[in-house]
Amino acid sequence: MNINTNFTGQYITGIWRDGRAHKALVDTNPYDGAVLATIALANADDLDEAYRAAQQAQRAWATALPADRAAVMLRAAGLVHANRTLLVNWLIRESGSTRMKAEMEVGAVHASMLVAASFPGRVTGRILPVDVPGKESRVYREPLGVVGVISPWNWPMHLSNRSIGPALALGNAVVLKPADDTPVTGGLLLASIYEAAGLPPGLLNVVIGEIPDIGDAFTLHPVPKFISFTGSTRVGRHIGMLAMTGPTLKRLGLELGGNAPLVVLDDADVERAAHAAVVGRFLHQGQICMSTNRIIVDEKVHDSFVDAFLKRVRMLKAGDPNDPDTVIGPLINRRQLQFAQERIEAARAAGQRQVFGAPAQGQVLPPQVFVDVPNDSELAQAEHFAPIAPVIKAADEEQALLFANQTEFGLSSAVFTKDEARGVRFARRIEAGMTHVNDITPNDDPNNMFGGEKNSGLGRFNSDWIIAELTTDHWVSVQHGPRPYPF
Ligand code: NAD
């Protein structure tokens with residue numbers, strides 16, 4: 001089945017129409033600057049219309065048969081599969097994804113739609129014991145209502161869909177605001193897929209507008225019960241503040257920044273660790289919240305690790321993301337490139353030792369490797385979102401753990417050791433939501449928990465965890481016959 005790909009504006013109340021802000025967003029390819037779409041932007045009235053439509057549509061959807069909601073998810077998954085090439089090509093052109101990353105992302109969207117199709121059948125209430133004669137106590141698990149979703153540009157289709165799919169499957173309606181760099185892959189393409197899958201109008205709305213016009217209004221609007229935000233810690237804090245201090249309290253899911261350590265202990269398989277560090281650092285140019293942002297190596301294996309790491313780094317092809325052999329494509333925009341270049345310059349100026357690097361060609365920044373980086377330096381503490389790899393030497397396991405935990409973030413992490421029990425003991429002492437023994441730091445699986453500690457956010461994604469986040473409990477008790485009241 002064909003899906004709509006003629007994108008010029010918004011998707012509100014099931015209608016494709018221009019926004020009313022009288023401004024346009026020109027959506028371009030970060031590799032070659034080609035114009036992909038021109039979007040007539042939304043204003044606060046459009047946003048309001050989207051939230052009202054969602055509220056209206058949600059009432060019937062909440063009582064739709066579980067099998068009918070599951071069927072929409074399964075049809076959407078089928079459409080993703082059938083349109084795989086189209087979706088991959090959009091991700092390459094709009095988000096600068098390399099071909100291999102775009103394939104992974106479409107696979108992740110497909111997999112999480114399949115898992116979401118199981119959710120309508122997994123929502124159960126409870127009957128509880130109660131210490132009151134003649135009372136029956138039930139807890140009903142209900143959808144929240146309307147969920148507002150704000151997503152970033154790095155894995156735009158997956159990170160939008162990991163909230164949208166579960167929210168819809170569980171009987172909620174959604175208003176989605178994708179990132180400015182990825183209005184199509186982060187929003188409009190998903191609307192096309194769910195529309196073609198038979199999702200009733202109004203249940204999914206995509207609103208694209210400038211932050212001064214719709215940013216705060218998105219969280220402050222009285223209709224949404226939950227704001228699912230994925231993005232930077234700076235903006236996440238702001239949204240959290242609005243959700244807590246605005247006129248209507250909101251539940252929140254905040255999936256924020258990271259500074260994942262990959263720790264190589266003295267008994268690690270150094271080749272395996274180096275391979276994982278290269279993949280974990282350079283996949284999607286390092287623009288992943290779970291990217292290996294620091295590599296902490298026990299001094300006993302440090303030099304052999306650095307040799308193995310550099311051997312692999314030298315082989316990475318940087319350039320056209322459409323070329324199947326390219327590993328490092330463009331950074332998303334000029335601003336992100338400039339941030340990365342400034343950080344490299346600052347590190348050099350501070351005397352950090354760079355052992356590999358080359359200047360950017362257009363927006364493609366080749367790998368940059370630094371060694372002997374102090375853990376308390378800017379280079380080790382900042383989230384790079386770029387192909388910059390700081391290697392930090394640790395005296396022993398305890399110092400490696402100390403360094404791993406010396407960060408404001410706590411999203412993902414990894415530890416390499418040939419002793420898996422030692423790896424698990426170490427993993428459990430890392431202050432993070434996710435730790436992988438002998439694997440890369442970026443791991444996301446729809447049947448497994450996802451989420452962070454510390455300034456990496458609040459809340460959890462996937463499987464039972466997202467079911468809990470996007471539903472609410474309602475205690476309903478029935479008093480069978482008169483109850484002896486105290487007065
Ligand atoms: P960002 O915070 O700049 O933007 C994220 C989204 O928020 C975008 O859609 C943006 O338009 C929107 N936004 C900005 N200001 C807003 C406001 N006042 N009100 C409402 N919306 C607003 O982040 P980014 O640069 O798009 O993404 C990179 C960041 O996202 C990194 O820090 C990365 O670690 C994080 N991230 C986290 C996860 C995770 O699951 N923890 C996943 C991917 C990315």
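Worth a mention:
- Directionally averaged projected area (the chain, Cα convex hull): 25.8 nm².
- Helix-only arithmetic for the chain: the sum of -39500 (n - 2.57) across DSSP H runs with n ≥ 4, divided by the residue total, places the mean residue ellipticity at 222 nm at -11000 deg cm²/dmol.
- Exposure proxy ranking for TRP90, TRP155, TRP61, TRP16, based on other Cβ atoms within 10 angstrom of each Cβ and starting from the fewest, stands as TRP16, TRP61, TRP90, TRP155.
- Counted charge near TYR140, where neighbours are those whose Cβ lies closer than 10 Å (Asp, Glu -1; Lys, Arg +1): +1
- Net charge dipole size for the chain [Lys, Arg +1 and Asp, Glu -1 on Cβ; Debye, nearest 20]: 1000 debye
- Within the straight-line cut-off of under 20 Å between alpha carbons, the lysines reachable from LYS101 are LYS317, sequence neighbours fewer than 8 places apart in one chain being disregarded.
- LEU36 long-range amide H proximity, modeled H, under 5 Å: ASP27, THR28, ASN29
- Region 1-156, dipole about Cα centre (Lys/Arg Cβ +1, Asp/Glu Cβ -1), debye to the nearest 20: 440 debye
- ³J(HN,Hα), Karplus 6.51/-1.76/1.60, whole Hz, each residue of region 392-399, x for Gly, Pro: 10, 8, 10, 5, 6, 4, 5, 5
- Sites ASP266 and HIS81 - FRET efficiency at Förster radius 51 Å, r taken between beta-carbons, to 0.05: 0.65
- Least to most buried among HIS158, HIS81, HIS302 (fewest other Cβ within 10 Å first): HIS81, HIS302, HIS158
- Derived scalar couplings between HN and Hα for region 110-117 equal 4, 5, 6, 5, 4, 5, 4, 5 Hz in order, rounded to whole Hz, by the Karplus curve 6.51 cos²θ - 1.76 cosθ + 1.60 (θ = phi - 60°), x for Gly and Pro.
- Cα lying deepest toward the dipole's positive end in region 8-128, options LEU91, ILE15, ALA64, charges on Cβ: ALA64
- Mean separation of Cα contacts under 8 Å, 6 or more apart, over the residue count of the chain: relative contact order %: 17 percent
- For region 172-296: relative contact order, % (alpha-carbon pairs under 8 angstrom, 6 or more apart): 19 percent
- In order along region 432-449, the phi-based Karplus estimate (6.51 cos²θ - 1.76 cosθ + 1.60, θ = phi - 60°) of 3J(HN,Hα) comes to 8, x, 9, 9, 10, 8, 6, 8, 5, 6, x, 9, 9, 9, x, 8, 10, 5 Hz; Gly and Pro are listed as x.
- Residues whose amide H falls under 5 Å from that of ALA24, counting only those 5 or more places apart or on a different chain, are LEU41, with hydrogens built in the peptide plane.
- Count Lys and Arg as plus one, Asp and Glu as minus one, and take only other residues whose Cβ is under 12 Å from that of ARG20; the net charge is then -4.
- Taking other C-beta atoms within 10 Å as the exposure proxy, TYR194, TYR51 rank TYR51, TYR194 from fewest upward.
- Relative contact order for region 260-437: 29 percent, from Cα pairs under 8 Å spaced at least 6 residues apart, divided by residue count.
- Near the amide H of ALA386, within less than 5 Å, lie no amide hydrogens of residues on another chain or at least 5 residues away, with H placed in the peptide plane.
- The distance from the alpha carbon centre of region 312-349 to that of region 444-487 is 42 Å, rounded to a whole number.
Each value in this text was obtained by applying a stated rule to the coordinates, not by laboratory testing. Just so it is clear, the model here is predicted, and its values are computed rather than measured. Please note: Cβ atoms are built from the backbone with ideal geometry, for glycine as well, and neighbour counts cover all protein chains shown.
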